[in-house]
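Written out below as structure tokens is the structure these notes cover.
Each value in this text was obtained by applying a stated rule to the coordinates, not by laboratory testing. What you are looking at is a predicted structure, and each value in this text was computed from that prediction instead of being measured. In this analysis, Cβ positions are derived from the backbone assuming ideal geometry, glycine residues included, and neighbour counts consider all displayed protein chains.
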Amino acid sequence: MMRTGTVVACSAAAVLVAVAAGPIEPGRVAASSQQKVLRLATTTSTVDTGLLADILPDFQARCGCRVDVVAVGTGQAIELGKRGDADVLLVHSPEQEAAFMKEGHGIRRDDVMYNDFVIVGPTGDPAGVAKASSARDAFRSIARAAAAFASRGDRSGTHTKERAIWKSAGIDPAEEGPQRPSWYLSVGQGMGETLAFANEKQAYALADRATWTSMQGRLPSLRRLFGGGSGDENPDRDLRNQYSVIVIDQARHPGVKAALGLQFADWLLSKPTQARIAAFGRDSAGRSLFYADSDEYKATDRVRVESGGRSRTFTLGEIAKLRSTTLSGVEYIGVKKGRLGRHAWTGVSLTDLLLALDPGIASKSRSTSTIEVVSSDGWTASFTWHELFGSVSRGEGLYRAKGCNECHGLKAEGTRPEGKRPAPKLLGETYPVGDTTAMIRSGTAQHEGITAYTADRLSDADLAAILGWLARPNQAGTDDVFVVPPPRRIAMLAYERDGRPMTGRDGLIQLVVGFDEFASRYSHWVSEIRVRY
Amino acid sequence: MIDDSLRALGDPALLNIVFLTFRVTGLALVIATAIGVPVGAAVGLARFPGKRLVTLILYTGMGLPPVVVGLWVYMLLSRSGALGSLAWLFTPAAMVLAQTIIAFPLVAALTMSAVEGVDPELRLQVRALGATRRQSSWIVLREARIGLTAAIVAAFGGIISEVGAVMLVGGNIEGHTRVLTTAIVLSTRQGDFGLAMALGTVLLLLALGANAFLLQLQGRAR
């Protein structure tokens with residue numbers, strides 16, 4: 001009688017034990033429980049798009065280890081890192097990552113890949129986002145129209161980016177409390193759920209392109225309204241979505257597998273893995289979902305030069321054998337990034353390199369040529385023949401040295417690239433001097449998103465020289481036609497910085513354009529030089 | 001949707017997920033039952049000062065949000081937590097621990113009310129017939145078997161369908177700590193609603209089977 005009594009309390013459970021028989025771990029894993037395990041905390045997009053499932057088996061085979069992927073929002077992933085609960089992070093929130101590194105939780109942080117963000121919204125586009133010229137402009141029109149906006153609201157990388165755009169637009173709808181407008185809907189969920197929500201609620205949303213591309217087919221009421229058809233066509237460079245790998249510091253968090261973490265980071269940044277990342281999605285989605293971005297991937301130790309029907313590939317060793325030039329006391333300033341510091345550069349002048357292949361290039365008859373310096377990441381810097389072999393006026397030289405040509409074109413002819421923000425023709429056109437000066441100096445109006453050219457970056461005299469050249473490009477006899485002496489006007493392929501060879505991270509072979517005391521133009525990872533007629 | 005269901009069922013990874021779901025839930029249920037039934041019975045049968053407080057705690061425990069339990073277990077097992085040296089975080093062991101904590105109050109509280117529902121006369125009668133204290137407790141438990149089954153069934157239902165805690169402490173690692181509920185969350189997040197629905201159906205069928213089995217046992221024991 002008592003024996004039957006035991007049945008109720010125990011046998012139900014006992015049967016479940018039968019199902020649960022064996023070790024806690026699934027058999028397949030238990031067999032290799034002695035295996036090393038690397039714990040990777042990452043953002044949901046790398047898992048949801050299928051990228052990690054595609055690339056990780058290769059690493060697991062190489063290291064003889066298992067990678068446990070914990071896919072959470074970037075905020076949570078960083079928190080896991082801070083508590084030492086992950087060995088490596090693969091995340092996409094540069095600001096949070098910088099703070100994380102500053103607090104000393106990581107030993108290494110490297111760029112891995114990037115894609116970009118797009119703004120999606122209802123097909124009808126009530127706020128007119130499709131007409132916006134920049135992301136902040138788009139956000140402003142959403143706020144003006146009080147159109148529904150779905151926010152991740154989960155401190156993920158995408159949410160952080162969204163907040164930064166609102167901030168730059170001078171609006172803070174995410175502010176807690178009664179001030180929060182009713183059109184701002186903070187969902188507090190992942191990208192997929194937020195997009196599904198926006199689809200149902202006819203709301204706008206900021207989405208990473210990879211997730212959007214992979215889910216697009218299931219979101220019939222949503223359309224991409226801002227961001228262009230591909231990352232290359234995205235008109236707003238601020239919408240770049242940068243992913244980095246961080247190896248957690250073992251000294252700070254004992255128990256973290258830093259050695260394995262470093263092995264993982266090296267593998268992730270290596271050329272074959274990067275090529276795999278770059279190719280991912282081409283077959284299934286018809287286009288790449290991520291752009292490979294490691295320094296190792298972009299660095300090249302040879303430059304192919306093509307001129308006058310000849311071509312030759314120079315290795316770094318061969319370049320170093322040519323007559324070297326040194327450029328020192330040059331302030332390194334980027335159009336987008338601002339000041340980067342003062343360095344001494346050693347390298348070969350672009351003129352010498354071209355002459356070594358094609359001695360005829362210096363002849364006046366070739367003066368209509370354009371010289372293009374192409375980097376392995378696709379960035380192209382262009383020069384006129386006069387800039388390298390002839391003479392340029394101070395205004396014209398400064399126009400390019402300060403990077404105006406990046407948007408307005410090599411000869412200030414204006415550019416209107418497909419899907420990008422157009423820049424008007426400047427040469428020979430008439431613009432009000434006061435407004436133009438104010439716009440350039442403050443980085444506002446049409447110059448929104450461009451770092452302000454304050455007086456320390458561009459003196460009044462230099463600005464006057466540029467404006468003078470733009471107004472009277474062919475007029476001789478003025479101060480503007482003062483020709484900058486060759487020693488102060490250098491375009492070189494540098495391979496040493498401050499006396500030390502440059503690493504892949506520094507750009508390995510870097511184009512530096514010196515002009516007066518400034519080197520405003522520079523390109524990393526130069527891989528090709530082409531001369532066009 | 002039928003396509004998705006077939007796709008889900010034909011996937012060998014699903015089998016892994018189903019086995020893990022049962023292993024974690026089963027083990028948590030066994031431990032919670034092994035501790036919860038004696039504790040619940042003891043509280044139900046004994047008279048002691050503070051009994052009302054213990055009852056209150058058990059009842060409140062029944063309403064513990066799983067994600068809060070998950071958070072506690074996470075903080076406990078984190079490398080910088082008290083039990084960090086066990087290295088249990090993001091392993092099935094952590095999931096079993098969290099689910100045990102969720103299931104325990106359910107088992108204990110329902111056991112307690114089941115034994116309290118048994119006619120006190122029965123116990124006195126058995127004692128009068130010369131049964132030991134242990135023997136009389138067994139009789140009461142046997143008498144309360146339907147309530148006990150309900151306790152186990154409720155606990156089973158509570159933890160097999162639970163997602164917050166296992167997601168937090170298990171990490172939803174493919175082939176390692178991914179169970180049915182976290183797999184459903186993942187496919188929902190990926191916008192694969194068809195697959196999510198199919199996995200939900202699988203979960204429902206499994207729960208149905210397990211409960212039918214438990215009821216069968218109860219019937220046989222009668």
Worksheet, complete the sentence: Residue hits (region B:169-179; surrounded by fewer than 24 Cβ atoms within 10 Å (Cβ to Cβ) and more than 9 Å from every other protein chain (Cβ to nearest Cβ)) are B:178
Item to complete: Mind checking which helices (runs of 4 or more DSSP H) fall wholly inside region A:27-141 and carry at least 1 residues that are under 17 Å from residue A:159 (Cα atoms), in contact (Cβ under 8 Å) with a residue 24 or more places away in the chain and touching a Gly at 6+ places or on another chain (Cβ under 9 Å)?
Response: A:44-48, A:74-82, A:94-102
Worksheet entry | Whichever residue in region A:216-241 is small (Gly, Ala, Ser) and over 18 Å from residue A:284 (Cα atoms) and, among such residues, is surrounded by the fewest Cβ atoms within 10 Å (Cβ to Cβ) | A:221
Practice prompt. Among what's in region A:245-261 and is closer than 12 Å to residue A:109 by Cβ and of a type in the set (A, V, I, L, M), pick the residue that is nearest to the chain's Cα centre (by Cα).
Written response: A:245
Fill in: Extreme residue, surrounded by the fewest Cβ atoms within 10 Å (Cβ to Cβ), among residues of region A:337-368 that are more than 31 Å from the chain's Cα centre (by Cα) and among the polar types (S, T, N, Q)
A:365
Fill in: Subset of region A:161-197 that is within 12 Å of chain B (Cβ to nearest Cβ) and either assigned to a helix (DSSP H, G or I) or out of contact with any helix residue (DSSP H, G or I) (no Cβ under 6 Å at 6 or more places or on another chain) (or both) - its residue that is farthest from residue A:124 (Cα to Cα)
A:189
Worksheet item: In region A:55-66, is there at least one residue being in contact with a Leu (Cβ under 9 Å, 6 or more places away or on another chain), surrounded by 24 or more Cβ atoms within 10 Å (Cβ to Cβ) and within 11 Å of chain B (Cβ to nearest Cβ)?
Response: no
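Conditions tested, residue by residue: (1) in contact with a strand residue (DSSP E or B) (Cβ under 8 Å, 6 or more places away or on another chain); (2) closer than 30 Å to residue A:215 by Cβ; (3) within 13 Å of chain A (Cβ to nearest Cβ).
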position	(1), (2), (3)
B:131	no, no, yes
B:139	no, no, yes
B:147	no, no, yes
B:154	no, no, yes
B:163	no, yes, no
B:181	no, yes, no
B:189	no, yes, yes
B:205	no, yes, no
Item to complete: Among the helices (runs of 4 or more DSSP H) lying completely within region B:46-122, list those that include at least 3 residues that are buried (at least 21 other Cβ atoms within 10 Å of the Cβ).
Response: B:66-77, B:92-116
Fill in: Output for region B:123-160, where each listed residue is of a type in the set (S, T, N, Q) and surrounded by 15 or more Cβ atoms within 10 Å (Cβ to Cβ)
B:136, B:137, B:149
Discussion item. Anything in region A:76-100 that is within 14 Å of another protein chain (Cβ to nearest Cβ) and within 22 Å of residue B:188 (Cα to Cα)? List them, or say none.
Written reply: A:76, A:77
